[in-house]
1. Once phi is turned into ³J(HN,Hα) by the Karplus curve 6.51 cos²θ - 1.76 cosθ + 1.60 with θ = phi - 60°, what whole-Hz value does each residue of the range 243-253 show in order, with x for glycine and proline?
2. Could you order peptides 408-418, 222-232, 194-204 by the average number of other Cβ atoms within 10 Å of their residues, highest first?
3. Enumerate the amide H contacts of Glu217 below 5 Å, restricted to partners 5 or more residues apart or on another chain; note that Pro and chain-start residues carry no placed amide H.
4. Apply the a/c threshold of 1.5 to the C-alpha gyration tensor of the range 283-452 and tell me whether it is rounded, prolate or oblate.
5. So what is the relative contact order for the chain, in percent, with contacts set as C-alpha pairs under 8 Å and at least six apart?
6. Can you tell me the relative contact order of the range 384-441? Whole percent, Cα pairs under 8 Å, sequence separation 6 or more.
7. Of all the C-alpha pairs in the range 3-135, what % are more than 25 Å from each other?
8. Add -39500 (n - 2.57) for each DSSP H run of 4 or more in the chain, then divide by its residues: what number comes out at 222 nm, to the nearest 500 deg cm²/dmol?
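Read-outs throughout are calculated quantities, based only on the coordinates presented, and are distinct from any laboratory measurement. Since this is a predicted model, take the numbers as computed values, not measurements. All Cβ positions, even for glycine, are placed from backbone atoms using ideal geometry, and neighbour counts span all protein chains on display.
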Amino acid sequence: MSEASVKFELSKEYLDLVVQAVEQQDNAFILETMEGVDPADISLLLEEATSDNTKYVLDLLQNEVGAEVIEELEEDTRQDFLKELSPEEIAEYIEEMESDDAVDVINDLPVRVREEVIAAIKDPENAAHIQELMRYDEDCAGGLMAKEMIVANVNWTILQTIEEIRRQAENVEKIYSIYVVDDRQKLLGKVSVKRIILSNDNISIKDIYDEDIKAVETYMDEEEVADIMQKYDLDAVPVVNLQGKLVGRITIDDIVDVITEQAEEDMQLMSGISADVEEDDSIWAISKARLPWLMIGLVGGTLGAWAIGFFEGDLESNAALAFFIPLVMATGGNVGIQSSTLVVQSLANRSAFTESFGKRIAKMFLVAIFTGVVLAAISFGIVYIWKGDADLGKVVAISLICVIMLASFTGTSTPLILDKFGINPALASGPFITTTNDILGIIVYLAIANLLLA
């Protein structure tokens, strides 16, 4: 374990000591605690501190480190902390960030403070980049991209390019490729740093650059950008405007954030939570996010009870039917969730989703028949051994086959239909499928019992 990791664990464990050191202005202890610790780890520590204490700690650190800490803070924590800073102080941290991260921080501020912060930025080019990025929606390629990148003109020599790389690299944290443009800034291709280093100084860029390059447009949705970067295994992707001019680049760390946020959103939807909430949100916010689907589940349960009541006579004449209602409901719900989850996963990875709607349904039908027959045979044996009633066993077995086929169809088709209408297909999983299949399962089971046992 590294020295930095040990210090981080101690600083977490002894948070009270750190807070006490802040209150006593024990700068030596604070600096020793934070020395060598990754900014992301420092941000985790400061999540538990007050805004005043956070400001005191960051004032002791270099602005470059403080800027990275601010980037890593949770959005709510960061908003509270930024209220403690003047526009000039915020601007000092902003100047240490890449343009895309700077925009994320500035967007947390009230409109008037945003203007004051931008006005306080000393580097006019940096301020112009930030203002340009603020024009884009945060969920499109333009909102994800950063202006910092290495660009080479197609007519430059290797020697000119290396000199320009040295100049431009001061503002670029990670260099993946050198983007090649013409005199009008139109993107032509890319060239690797390795290729440049190994080439003769007098060779022109136009003789060695690669024209095969994947690029995205500024208006492209962030999920489409993520799909492209996943499909082609890209560390970074250039962003062009409608005229094909290079305007920025998106790096893999930004896409990881997009994928994580989308996965969290889908997980919450599949769990029946209709809004983006966290454990430390207010009671009202969490309750408001949970109630819609819980109320729908309540209505679904009421309809299920009504369906059982409709077949009350059958249950009175053969009480053993009631024993297997949970079996049918649980099986239908599980099959529906399995089917919808597979489809949602396929839709999340567009490159893997190549089958037509008809082929999907046909495959679902065959899988449903196979699994239905296997489970029906097992359930028939269980019912016959337990109750000694072959007729009841047939009812349960036939019901399971029908319910599994029905649940497979709803689980497969519902997310596909929702996606067709532009609705998040993750909504089809969880409570929606479970409630629907519970109701349909009860009706199918008791209807078959009514027909076969009459």
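1. Each residue of the range 243-253 in turn: 8, x, 7, 6, 10, x, 8, 10, 9, 5, 5 Hz.
2. 408-418, 222-232, 194-204
3. Val240
4. oblate
5. The normalised contact order for the chain reaches 10 percent.
6. 27 percent
7. 26 percent
8. It comes out at -20500 deg cm²/dmol, rounded to the nearest 500.
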